[in-house]
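Notes follow the structure.
The values are calculated or read from the model by the stated rules, or taken from the named source; none is laboratory data. The structure displayed is predicted, hence computed values, not measured ones. FYI the Cβ positions are ideal-geometry reconstructions off the backbone, even for glycines, and counts take in every protein chain you see.
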Amino acid sequence: MEASVTNVEQLLRVLADAGVEFVVIGGVAAAMHGSARATYDLDIVYHRTAENVARVSKALLPYEPYLRGAPRGLPFRWDPQTILAGLNFTLTTTLGSIDLLGEVTGGGTYQQLLPHSLRLEVFGVPCLCLDLEMLIHVKRAAGRPKDLQAIAELEVLRQEAAKQRRYGAGRE
């Protein structure tokens, strides 16, 4: 059974408590940079080591992960072998929707995103979050209408952050 609203805080806590290595991207990352846009899922890029995949599998299993949009009853096993045989999974869980990405267009893998990530607290959960420059880059690379619409706001946020760095926070 899927949640009607995604509990981003709980999903992040479940992953962090399990020691999963991941980078937050998408709408939640945009919100951490000041975006006012609503987001309806959690998008993460996970490290594809056998150990980390096992942690992802175990962490999400109690929340009944299933392929989002697939009819119920199709054979689907949530285990490390399934994750390693695939790459990107759009899932629904009892905590809501999560996009579990082994690689993101325009940004690459977890390892490739690390230099473009910031350690932030998201809903009080310490995690890595894509920096604003790379977030704009991957949204542009994705090219979906919703991503292209978000870029204008993210570019304004980038300009405001640059002004604050240039003139000092709190100065008029």
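Listed by first and then second residue, the pairs with beta-carbon distance under 9 Å, at least 6 apart or on different chains, first residue in region 18-43 and touching a residue at least 40 places away in the same chain (Cβ under 8 Å) and charged (D, E, K, R), second assigned to a loop (DSSP other than H, G, I, E, B) and surrounded by fewer than 19 Cβ atoms within 10 Å (Cβ to Cβ), are 21/49; 41/68.
Given the residues 58, 139, which is the only one that is among the basic types (Lys, Arg) and at pLDDT 95 or above?
Criteria check complete, one pass: 58.
Within region 78-89, identify whether any single residue is surrounded by 12 or more Cβ atoms within 10 Å (Cβ to Cβ), among the aliphatic types (A, V, I, L, M) and within 16 Å of the chain's Cα centre (by Cα), and answer yes or no. The answer is yes; a qualifying residue exists.
Scanning region 27-66 for residues that are among the basic types (Lys, Arg) and under 16 Å from the mean Cα position of the chain (by Cα) turns up 37, 48.
If you take the residues of region 1-36 that are touching a Lys or Arg at 6+ places or on another chain (Cβ under 9 Å) and charged (D, E, K, R), which of them is farthest from residue 140 (Cα to Cα)? Filtering region 1-36 for residues that are touching a Lys or Arg at 6+ places or on another chain (Cβ under 9 Å) and charged (D, E, K, R), the one farthest from residue 140 (Cα to Cα) comes out as 2.
Only one of 53, 14, 28, 24 is surrounded by 14 or more Cβ atoms within 10 Å (Cβ to Cβ), part of a strand (DSSP E or B) and of a type in the set (A, V, I, L, M). Can you tell me which? Just a single option satisfies the conditions, and that option is 24. Scan region 66-77 and tell me whether some residue there is on the phi < 0 side of the Ramachandran plot, free of Cβ contacts under 8 Å to residues at least 60 places away in the same chain, loosely packed, with under 15 Cβ neighbours inside 10 Å and part of a helix (DSSP H, G or I). No, that holds for no residue.
Of all residues in region 116-136, those satisfying the criterion of being within 16 Å of residue 27 (Cβ to Cβ), of a type outside the set (Phe, Trp, Tyr) and outside any strand (DSSP E or B) are 131, 132, 134, 135, 136. Selection of region 139-162 for residues being over 13 Å from residue 33 (Cβ atoms) and surrounded by 12 or more Cβ atoms within 10 Å (Cβ to Cβ) yields 140, 141, 142, 147, 148.
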